[in-house]
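Input: a single structure, listed below in structure tokens.
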Amino acid sequence: MDEDDTRPEAIAPAAVVGEIASDRPLDLGHLRSLSEPDRDTLTALLLLWPTLEPARRREVLAAMQQLEENDPGLDFHRVALTSIRDPDPATRMLAVRGLLEQDRVEYMRLLATQLREDPTPMVRVEIAKVLANYVLGLEFGLLAEDDAETLTAALREAIEDVDETDDVRGSALEALGAWSDESTAELISELYEIGSPLLRLSAIRAMGRNASEGWLELLIYHFDDEDADIRAAAAQAAGEIGRA
């Protein structure tokens, strides 16, 4: 049998959109046809999306992310992008995760704004995790000055907001940690010293992303910490510094 014969049969994107609109179980092989959708397909999905139950929207996005994990050649980020303002918080979380591998600065600016405005803390946590990749780009000089300011200002605002949840503040600190600016080291030190236990844990993780050998002594001290999460975070952070 020819190798090509084992591949899933191609199906038109319009037909897949129709399947999503139905109550039939999703066919993962068919969903592959929505990778890198054209304008007409995106328009059809945008019109369909508000008519779907939240559970169906979540099912579609989760299935697309599963497909991308198994096949990096697939790209459903445009579908995710249409859903980051979805009224359902869990759908927004999945949509934000769908942008994790993207590096376009217009997406960064969009997410930086949403980090300030999204009403759900766990969505803001996911946004901070995606913005962490852009901080790596900043560290390697890949962002223009105004984009760098937009990114770092949004993360610092979240970190310094005492009314923000510790989950969000910690995720923002871990994201910003990769920027080897003196102000970042000061934030890490401050939250390590006076932050809640959760923020201290995030500060230790941020030390690893910061990749400065100056953190090593402190991290090694925590190898014997009575808290298992602290021990694990310190070991991982030290390993990241060792690999830098």
*Probe 1.4 Å, accessible area per residue of the stretch 25-76, Å²*: 56
*Quote to one decimal, in nm, the extra length available between Ala55 and Glu101 on full extension: 0.36 nm per residue of separation minus the C-alpha distance between them.*
14.1 nm
*Can you give the calculated 222 nm mean residue ellipticity of the chain, where each DSSP H run of n ≥ 4 adds -39,500 (n - 2.57) and the sum is split over every residue, rounded to the nearest 500 deg cm²/dmol?*
-20500 deg cm²/dmol
*asked:* Tell me which trypsin sites (Lys or Arg not before Pro) from the stretch 17-111 have a DSSP coil assignment and no more than 14 other beta carbons within 10 Å of their own.
replied: Arg85, Arg104
*Could you tell me how many degrees, from 0 to 90 and to the nearest 10, lie between the Cα long axis of helix 105-117 and the main elongation axis, the longest principal axis, of the Cα atoms of the chain?*
70
*Using a 1.4 Å probe, what is the accessible area per residue for the stretch 122-230, in Å²?*
48
*Using the alpha-carbon atoms, what tilt in degrees (0 to 90, nearest 10) does helix 166-176 show relative to the longest principal axis of the chain?*
90
*Find how many whole Å separate the alpha carbon centroid of the stretch 83-120 from the alpha carbon centroid of the stretch 30-80.*
15
*asked:* I'm checking a number: the convex hull volume of the Cα atoms of the stretch 1-149, normalised per residue, in Å³. What is it?
replied: 129
*Just need the relative contact order of the stretch 199-244 here, percent rounded to a whole number, with Cα pairs under 8 Å and 6+ apart.*
50
*Using a 1.4 Å probe on the protein chains only, how many percent of the accessible area of the chain belongs to carbon and sulfur?*
49
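The values are calculated or read from the model by the stated rules, or taken from the named source; none is laboratory data. No experiment lies behind these values; they were computed from the predicted model shown. A quick note on method: Cβ atoms are made from the backbone with ideal geometry, for glycine too, and the neighbour counts reach across all protein chains shown. When the accessible area is computed, the model is the full protein with side chains, heavy atoms only, and any ligands, DNA or RNA have been set aside. Shrake-Rupley method; radii C 1.70, N 1.55, O 1.52, S 1.80 Å.
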